Amino acid sequence: KLSIDMDSLNEVKINGPVQNNKQKNLFSTNMEIGNTDLQEKLLTLTVTKDDFLKMKIIGQFNLGFILCTRKLETGYDMFIIDQHASDEKYNFEQLYKKTVMKVQPLIRPIPIELNPLDKILIKENVEVFNKNGFNLKFEENDSEDIFLETLPLSEKTQFTVDDFFEIIDLLRASESSYKLNKDIRCSKVRSMFAMRACRMSIMIGRPLNNFVMKRIVQNLSSLEKPWNCPHGRPTIRHLMELRSYNSFTSDYDL
């Protein structure tokens, strides 16, 4: 009769003895597949904005991407960062936050039909409309009429009153989410900034030194949403987990 000690089997590992908990990875936990908390922890990759400040630059790849690593308890995470998409997103957010649109005065102010709630919303966010190029005139009468005196001015983009109402809709949606956003822009302005940021950013094919690569990576830490460029292109991708850098130099050791 064959007797099996199940407790001793639980201590057996496929590739040798039990490893220290600090060194566990996907390849050393095959016998702990039932430990869902451990498996979820190993399969979950989290990157925070502060991580961009701690990443070490390895170099440039294919004149278009930056390779960098993040220190872990057991080794390193390696990431690849798109130099153009990252620089474009930084320039886009700078334009988005700081640019005040030029204005075109109207020959005759346009009366705006609004409900009482929208009038209150506009009065509380006048700076948002001014920043977008919509200057307003408020009449001190019983109906508290509001007139539109200017429209945004751009060489290639034509703005209308519909863009003014779009900002009202965006403010209303922002207010309903309990986090009012003072940096709201209409879709035409956003598209204009995206194209301008693309043209002024570092292009694919440009060689970069370590100083410029470090600046691009660290700039991502200051962005509100650093994960995609304005056109949806990802700025960063995780490549692999490295135990150490020995794999790069082991072939050359004497």
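Where helices (runs of 4 or more DSSP H) fall entirely within region 172-254, those with at least 3 residues that are within 26 Å of Lys156 (Cβ to Cβ) and at pLDDT below 95 are at 187-200. For beta carbons closer than 9 Å, sequence separation of 6+ or different chains, a first residue in region 206-234 that is farther than 17 Å from Thr48 by Cβ and a second that is open to solvent by less than 60 Å² (accessible area, probe 1.4 Å) and part of a loop (DSSP other than H, G, I, E, B), the qualifying pairs are Arg206/Gly64; Leu208/Ile202; Val212/Ile202; Lys214/Met55; Ile216/Ile202; Ile216/Leu208; Cys229/Ser201; Cys229/Thr235. Name the residues in region 214-232 that are touching a Leu at 6+ places or on another chain (Cβ under 6 Å) and open to solvent by less than 50 Å² (accessible area, probe 1.4 Å), would you? The answer is Ser221, Pro226. Residues in region 65-78 that are out of contact with any Gly (no Cβ under 9 Å at 6 or more places or on another chain), of a type in the set (A, V, I, L, M) and either part of a strand (DSSP E or B) or within 30 Å of Gly133 (Cα to Cα) (or both): Met78 only. Close Cβ contacts (under 7 Å, 6 or more residues apart or on different chains) running from residues in region 58-69 that are free of Cβ contacts under 8 Å to residues at least 40 places away in the same chain to residues that are charged (D, E, K, R) and in a loop (DSSP other than H, G, I, E, B) are absent.
Against the conditions (1) among the polar types (S, T, N, Q); (2) open to solvent by less than 30 Å² (accessible area, probe 1.4 Å); (3) within 30 Å of Ile110 (Cβ to Cβ), Ser201 satisfies every one except (3).
Output the residue which, of all residues in region 155-176 that are loosely packed, with under 14 Cβ neighbours inside 10 Å and of a type in the set (Gly, Ala, Ser), is farthest from Ser187 (Cα to Cα). Step by step, filter region 155-176, then rank; the result is Ser176. Whenever a residue of region 104-117 is among the hydrophobic types (A, V, I, L, M, F, W, C), it has no partner that is open to solvent by 90 Å² or more (accessible area, probe 1.4 Å) lying with C-beta atoms less than 8 angstrom away and at least six residues away or across chains. Looking only at residues in region 49-64 that are aliphatic (A, V, I, L, M) and not in a strand (DSSP E or B), which one is most open to solvent (accessible area, probe 1.4 Å)? Filtering first and then ranking leaves Leu53. Every condition in (1) under 28 Å from Asn210 (Cα atoms); (2) open to solvent by less than 50 Å² (accessible area, probe 1.4 Å); (3) among the basic types (Lys, Arg) is met by Lys71 except one, and the failing one is (2).
The values are calculated or read from the model by the stated rules, or taken from the named source; none is laboratory data. Since we're looking at a predicted model, the values are computed, not measured. Glycine gets a Cβ as well: all are built from the backbone with ideal geometry, and neighbour counts include every protein chain shown. Only protein heavy atoms, including side chains, enter the accessible area calculation; ligands, DNA and RNA are left aside. Shrake-Rupley method; radii C 1.70, N 1.55, O 1.52, S 1.80 Å.
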